[in-house]
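A.B. asks: One structure follows; several queries about it will come next.
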Amino acid sequence: MHNYVTYSLSLSDDNSEQYYSRIRIFTDEVLAKANESLLKPVVDFTDFLKKYNLEEIRSNDEYILELISFGLLWNNYGRTALNINSAPFLTLSRMAEWRKRHLKLKSSIDLMRGLLISLFLFPSKTSNEVKIYPDIRDIDKLCLFLEATGEFKEQALRFIRWRAYWETITKEEWTEGCKSVFDFVDWFADRSTEMLGEFTSKVDEFIINSARRYKWREDRVQCGRKRDEYHLNMVGAEIMNRAFRDDFLKTESKAVLVPGCMRSNIELCKAVKMHEGLKCIGCDKNCSVNNLRKIGKDYNYEVYIIPHASDLSLWAPKPGKPVRGVIAIACVTNLVEGGWELKRYDACAQCVLLDYSGCKKHWHKNGVPTNINLHEFHRILNGKPAKKQVNEFANN
Ligand code: SF4
């Protein structure tokens, strides 16, 4: 097993197949339990959405994921959000959008955002008051905070809709609903550690040891994600793949979006700049991106290398053109946010997790090329395991 930074899907057998089997079993367990205790708020919420025609109704599992995310993010960030007296929330949120659209300005924007995030979003003095359940106004503060971090914009957009529904219910219903959600989240934190803790065993240590290093950095929230957030993203990725599967399978052509850290050598990479992202030209036969590109010739997909936090609206279906399916590859901390964003643009998407994170910019001191499980990639692509010749290229 290699020396990973925070998480690794490959355990001692150097193969992440065990992870994929475990995550499917655990996701079934989470959804079965959530269907016992969270179905009522989900059904009431979807009735509200239908009544006011607020959105096309999605699957119950997606709303369950939103509700668990709300409880877990409140537990992890609610107190911080309530302790902020004033902050340039709007400016920070806008800057998070600008950095996606103006890549040339990204490093300057990141520098400024890093300073503002630390100065305003993480006040050094916090009150000791711990609220067990939030009230409606607290949700506004949480959403402002989440959006300003740049890491949770999609979740915040969804919580604002839930908040509109919660405003219509009685105090007793609100307290009862909170109890169901926060009891569930407590169960999830314990049970997910039992089921997935082996794969995230270095997260806590990393957060403690790197707190000073990240203090003024734009990625302090992304790299400081708690262990239960990793677990939620793992389950979330599985729930999303199931929910979006049918639409994805109907698409004729596909695009595979890979992060730059999968390249064998970022400095020597000869990929060519295109409108959609960088396109691999196959300069290194040992490069994992090149391997995916070669497989794509047989399976009718294109590979694009895109930077972290790219503008994903590019992948929205275009009127009059065939809908293209998207497989997004990303590390655990980014997957769910990207998945919700693609969903907001009506993209037909699936995702595959990087087996570990290793980019120099965010995670690893020297940077290590990252990789995926090719068996899982093939199951996502066409429902079948990888062929023999493909296995030969796999590092896992
Ligand atoms: S093989 Fe492709 S992605 Fe890999 S380094 Fe060369 S051009 Fe870049």
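A.B. asks: Does the range 118-129 hold any residues that are exposed (fewer than 15 other Cβ atoms within 10 Å of the Cβ) and part of a helix (DSSP H, G or I), and which are they?
C.D. replies: Leu119
A.B. asks: Scan the range 227-234 and give yes if some residue there is among the hydrophobic types (A, V, I, L, M, F, W, C) and closer than 18 Å to Trp363 by Cα, otherwise no.
C.D. replies: no
A.B. asks: Could you pull out the residue among Val258, Val332 that is part of a strand (DSSP E or B) and either modelled with pLDDT of 95 or more or more than 16 Å from the ligand (Cβ to nearest atom) (or both)?
C.D. replies: Values: Val332 fails: part of a strand (DSSP E or B).
Being part of a strand (DSSP E or B) and either modelled with pLDDT of 95 or more or more than 16 Å from the ligand (Cβ to nearest atom) (or both) holds for just one of Val258, Val332, which is Val258.
A.B. asks: Which of the residues spanning the range 330-348 are touching a residue at least 60 places away in the same chain (Cβ under 8 Å) and either open to solvent by less than 10 Å² (accessible area, probe 1.4 Å) or under 17 Å from Gly150 (Cα atoms) (or both)?
C.D. replies: Of everything in the range 330-348, those that are touching a residue at least 60 places away in the same chain (Cβ under 8 Å) and either open to solvent by less than 10 Å² (accessible area, probe 1.4 Å) or under 17 Å from Gly150 (Cα atoms) (or both) turn out to be Ala330, Cys331, Val332, Thr333, Asn334, Leu335, Val336, Glu337, Gly339, Trp340, Glu341, Arg344.
A.B. asks: Among Arg242, Arg217, which is the only one that is outside any helix (DSSP H, G or I) and either surrounded by 14 or more Cβ atoms within 10 Å (Cβ to Cβ) or within 16 Å of the chain's Cα centre (by Cα) (or both)?
C.D. replies: Result: Arg217 is the single residue among Arg242, Arg217 that is outside any helix (DSSP H, G or I) and either surrounded by 14 or more Cβ atoms within 10 Å (Cβ to Cβ) or within 16 Å of the chain's Cα centre (by Cα) (or both).
A.B. asks: Also, quick follow-up: When you scan the range 149-160, do you find a residue that is surrounded by fewer than 18 Cβ atoms within 10 Å (Cβ to Cβ) and touching a helix residue (DSSP H, G or I) at 6+ places or on another chain (Cβ under 6 Å), even just one?
C.D. replies: Scanning the range 149-160, I find at least one residue that is surrounded by fewer than 18 Cβ atoms within 10 Å (Cβ to Cβ) and touching a helix residue (DSSP H, G or I) at 6+ places or on another chain (Cβ under 6 Å), so the answer is yes.
A.B. asks: Something else now. Have a look at Ile169, Ile207, Ile132, Ile139 and point out the one that is assigned to a loop (DSSP other than H, G, I, E, B), in the same structural domain as Asn35 (by TED's automatic domain parsing) and surrounded by 15 or more Cβ atoms within 10 Å (Cβ to Cβ).
C.D. replies: Details: Ile207 fails: assigned to a loop (DSSP other than H, G, I, E, B); Ile132 fails: surrounded by 15 or more Cβ atoms within 10 Å (Cβ to Cβ); Ile139 fails: assigned to a loop (DSSP other than H, G, I, E, B).
None of the other options fit; the residue is Ile169.
A.B. asks: Tally up the residues in the range 226-239 that are under 15 Å from Tyr77 (Cβ atoms) and more than 11 Å from the chain's Cα centre (by Cα), please.
C.D. replies: 3
A.B. asks: Something else now. Among Leu92, Leu72, which is the only one that is more than 26 Å from Ala189 (Cα to Cα) and touching a residue at least 24 places away in the same chain (Cβ under 8 Å)?
C.D. replies: Leu92
A.B. asks: Test Leu115 against the criterion of being open to solvent by 10 Å² or more (accessible area, probe 1.4 Å) and aliphatic (A, V, I, L, M), and give yes or no.
C.D. replies: yes
A.B. asks: Next question. Please go through the range 266-304 and give me each residue that is open to solvent by 60 Å² or more (accessible area, probe 1.4 Å), in a loop (DSSP other than H, G, I, E, B) and either more than 8 Å from the ligand (Cβ to nearest atom) or free of Cβ contacts under 8 Å to residues at least 40 places away in the same chain (or both), ordered by number.
C.D. replies: Glu267, Leu268, Lys270, Met274, His275, Ile281, Cys283, Lys285, Asn286, Asn300
A.B. asks: Continuing with this model, one more query. Could you tell me whether any residue of the range 89-101 is out of contact with any Phe, Trp or Tyr (no Cβ under 9 Å at 6 or more places or on another chain), within 26 Å of Gln222 (Cα to Cα), open to solvent by 40 Å² or more (accessible area, probe 1.4 Å) and of a type in the set (S, T, N, Q)?
C.D. replies: Yes: one or more hits.
The values are calculated or read from the model by the stated rules, or taken from the named source; none is laboratory data. What you see is a predicted model; the values in this text were computed from it and never measured. Methodologically, a virtual Cβ is constructed for each residue, glycine included, from the backbone with ideal geometry; neighbour enumeration extends over all protein chains shown. To get the accessible areas, we keep the full protein, side chains included, count just its heavy atoms, and leave off ligands, DNA and RNA. Shrake-Rupley method; radii C 1.70, N 1.55, O 1.52, S 1.80 Å.
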